[in-house]
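The values are calculated or read from the model by the stated rules, or taken from the named source; none is laboratory data. Just so you know, these numbers come straight off a predicted model, no measurement behind them. We place every Cβ from the backbone using ideal geometry, glycine too, and count neighbours over all the protein chains shown. The accessibility values were calculated without ligands, DNA or RNA, using every heavy atom of the protein model including side chains. Shrake-Rupley method; radii C 1.70, N 1.55, O 1.52, S 1.80 Å.
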Amino acid sequence: MKRKITIHKLLILGAIIFMITSPVEARIKLVALPDRGKTIIRLDNPQATLIEDERILTLQQGTNKVDFSWKGVSIDMDSIRLTVLTQRDLVTLLNVSYPPNEAALVWEIHSMKPIEVTVRISYLLSFIDRLITYKGISDQEEQEMSLKSFLVLRNFSGEDFENATVLLDEGQSFEQRINHEETKQVLFLKKDKVPIEKRWTFDAAKQPWDPEKLDTNVGIPVSYRIENVATSGLGAFALSNGKVRVFQEDGHGSTIFLGEDATGMVPVGENMDVYIGDSRDIVVTQRKMRDQHINVRRDKKNRVVLYDTDEVINATIENFKDKPAMLTMIQHIPGQWDMEECNMSYKRKDAFRLEFEITLPAHGKEDLMMHYHRRNLR
Amino acid sequence: MRCKRILFVTMMVFLTQGIAQAKVDLVILPKRDAAQLTIYNSADLTLVRDIRALTLKKGLNNMQFSWANTLIDPTSLEMQPKMDADKIDILDLTFPPRVRGLGLWHVQSQTSGNVPVEITYLTSGLSWRAFYMGTLSTDEKTMGLQGYVRVTNKSGEDYENAQVRLIVGKINIIDQIADLARRQYPYDRPGAVARVPAPAMAEKKSEMMAAKRQLVAAEGAMMARPKEIRKEGLSEYFLYTIEGKETIPHGWSKRLPSFEVKTIPVVNLYKYEEERYGDQVMRFLSFKNDKDHNLGNTPIPGGVIKVYRNVGESEQLSYEGQSNFKYIPVNEDVELNLGSVSNVLVKPTLKNFATGRFLFNGGGTITGWDEIRDFEIEVKNTRGITVKVDIRRNFGTSSWELEKTGDFGDYEKVDLDTVKFILSLNAHETKKFHYIITTHHGTRAD
């Protein structure tokens, strides 16, 4: 005969304790259901949520069977662990067995004498997780930001949790009650005056070269950079991946929405780059002015086997804003190459990528000229 | 009277004599004291700022906010006290099980009484667009320009006496607000994407009539002069704030003048480029968004312009055409494309073709050569006004030389295989010029 006692709606913990005086023929379940003690919802692993329940078991001397079964929730059966927290020297976990065709398992625990012990049951529970979202409000000068981060707890596990301790990364924790199909949003980080760096980026491999030929505006992507370091008021822990919404003070006691982006995990010391939108007041027009074969080498049959190129690229960068801007311009030259002449300094970021930092005065204009040879093309 | 779709319910839960006994002792529906709409045109998105006065008790307060049949993104909801912020702690925002369009704030307050709070959220369904009317003078040397904005509310919510602000600029968004609004669960559910159909936006006739009365009443209260629009730059965007308050019921649009400039000097520019426009001449109106053209205070949002021309003394108009134009920054050149015309003609004629300077390899195969083309370009202005013509010629190779003769100024190299010729023609004038283009092919190009 089986008897199940349900906690709330779905999760069932039956502690069946009895003396084994003869070989077990059938599982006889207990009458008294141990109260659920402290519950921890551990969310530090974004892939899976670990639940840890503490219960007090009343054990008889000898071998006891503790039955753990569930219904309407999805528990990874192989993840279930039982840890005895008190009087460990008197208690031995003998084995675990799985009854047929049931979402259940049975622990066999030997006790040296009749006692109450506190145990912790740990298991991975599906359909409960957390999201992280960020909301930043930049000041009018776009120098610093008030940054908030919210934890969004989503419980669709089938289980109601009363007063659970929710644990996040790096030991952050708070008490929370969350029922099945409930979503809760809790503020867990708030930092004012976080320095931000505004960046405009033109990547010649991504942006159109000649905006005049297009019917729509070509925007220059604009992003805010936040450093996850102590000097920014951050740096205590990695910033989780999540959606970032950025607002700006408008000088009239209100804000405007600047844009949103999805950030990846930002470890301590690394940067969070948030692409907020496009600037249409910085216009880059890039054109190739020369592309010729030079230094052509031939085989005995006069076929071209190797050649170099002579290439010239001009780019005009116009700032129609009434504030100066620093544009990061990325140019790409594939293969082996030599720069013959360039009117601006650049950093060679890798074999094929050049990065220019171009300071644009308000309502100013700069012209870039690159003259280079690509070598030994076949 | 149409029912409000957004409801705010305050339930005061307090503790008595230390006993944690929750008790709902009051339910009120605080009115919306003020609203501000910041409407974007690059995305279906509006930032709503809603000011309400809540009556708080000391202790724990539960505040319920519901938004059935609207297009509010619940993930964007935020409430902030505008007074006693250090005494009021917003503990969490809970989206309860099995209820759609409802959020519950748990607020711990050390103070009691009326507290103004600001609720912000993003909604879909409100939009605006810019459009323009241009009127050319009879001699087509100047143009009057009137700019308008049209704001449309299909959000499912009536916004009465709201401050309306419009954002010009392209923001980045990663989720459509309408999609977020239609989710069954605000943040979806782990490992599942569940959607339900959009809320029905069908109008009831009585509601429409009520809305119409509201609109008429609001318009009656408007000032006797057109409202001004304050324009200011913020970050990469421009913010247009419409003077005063607007009431825009769900389903209605409102057209507002944004600016008017009486006289903008314009150039009648005609362009010819076979690779872009085929064999047609395109007409453009050219000017600059700067002080010299009585503009230049702010960028001009992209939109559609319809261009008319004054004809005769009785102020009759002729319709010249319309153009979609892009956002125009301050000090940027503007070219309004009014479409193809037949009263300015560009006729390129290949007068002669030759090849030469052949190169051969050891086997006698041709490896390189030149091609020489002699073009005559005839440009005819049949109009009674002076026009400027921009003719672009593409050569399809970067290895070329050009000789020019004829009735035009110098040419300009646009890029490695394109040049442009600029001509100015008086009324009823015809010009001709020649150019000889030599292109190098095969090993001649090396």
So the B/A interface buries, both sides summed and with a 1.4 Å probe, an accessible area in Å² (nearest 100) of 5800 Å²
Carbon/sulfur accessible area of the protein assembly as shown, % of total, 1.4 Å probe, equals 49 percent
Straight-line reach check, residue A:113, cutoff 16 Å on alpha carbons, 8 or more apart in-chain or any other chain, hits among aspartates and glutamates -> A:89
With +1 at each Lys and Arg Cβ and -1 at each Asp and Glu Cβ, the charge dipole magnitude of the protein assembly as shown around its Cα centre, to the nearest 20 debye, comes out at 2160 debye
With x for Gly and Pro, the residue-by-residue ³J(HN,Hα) of region A:121-137, computed from phi through the Karplus equation 6.51 cos²θ - 1.76 cosθ + 1.60 at θ = phi - 60° and given in whole Hz, is 10, 10, 7, 8, 10, 8, 6, 9, 7, 9, 10, 10, 10, 10, 9, x, 10
In Å², rounded to a whole number, the accessible area per residue of region B:366-446 with probe 1.4 Å is 43 Å²
For region A:146-223, the count of lysine pairs 8 or more apart or interchain whose alpha-carbon atoms are under 19 Å apart comes to 5
Hull surface over four for the Cα convex hull of region B:61-123, reported in nm², is 4.4 nm²
For the protein assembly as shown, the charge dipole (Cβ of Lys, Arg +1; Cβ of Asp, Glu -1; about the Cα centre) points to a positive end, and the Cα of B:117, A:64, A:241 closest to that extreme belongs to A:64
One finds the C-alpha centres of region A:241-262 and region A:193-237 to be spaced, in Å, by 15 Å
Region B:229-315 accessible area per residue, 1.4 Å probe, protein heavy atoms, integer Å², reads 42 Å²
In whole angstrom, the spacing between the Cα centers of region A:122-171 and region B:151-170 equals 31 Å
In this structure, the FRET efficiency calculated for residue B:100 and residue A:271 from their beta-carbon separation, with R0 = 35 Å, to the nearest 0.05, is 0.35
A correct Kirkwood calculation over the Cα atoms of the protein assembly as shown returns a hydrodynamic radius in Å of 32.8 Å
Comparing each residue of region B:71-98 in the complete protein assembly with the chain by itself (heavy atoms, probe 1.4 Å, ligands and nucleic acids ignored), those losing at least 30 Å² of accessible area are B:78, B:92, B:93, B:94, B:95, B:97, B:98
Per the 1/(1 + (r/R0)^6) rule, R0 = 41 Å and r from the Cβ atoms of residue A:375 and residue B:178, FRET efficiency to 0.05 is 0.20
Judged on accessible area alone, 1.4 Å probe, highest first, B:410, A:76 line up as B:410, A:76
Summing +1 per Lys or Arg and -1 per Asp or Glu among the other residues with Cβ less than 11 Å from residue B:320's Cβ gives +2
In Å², rounded to a whole number, the accessible area per residue of chain A with probe 1.4 Å is 46 Å²
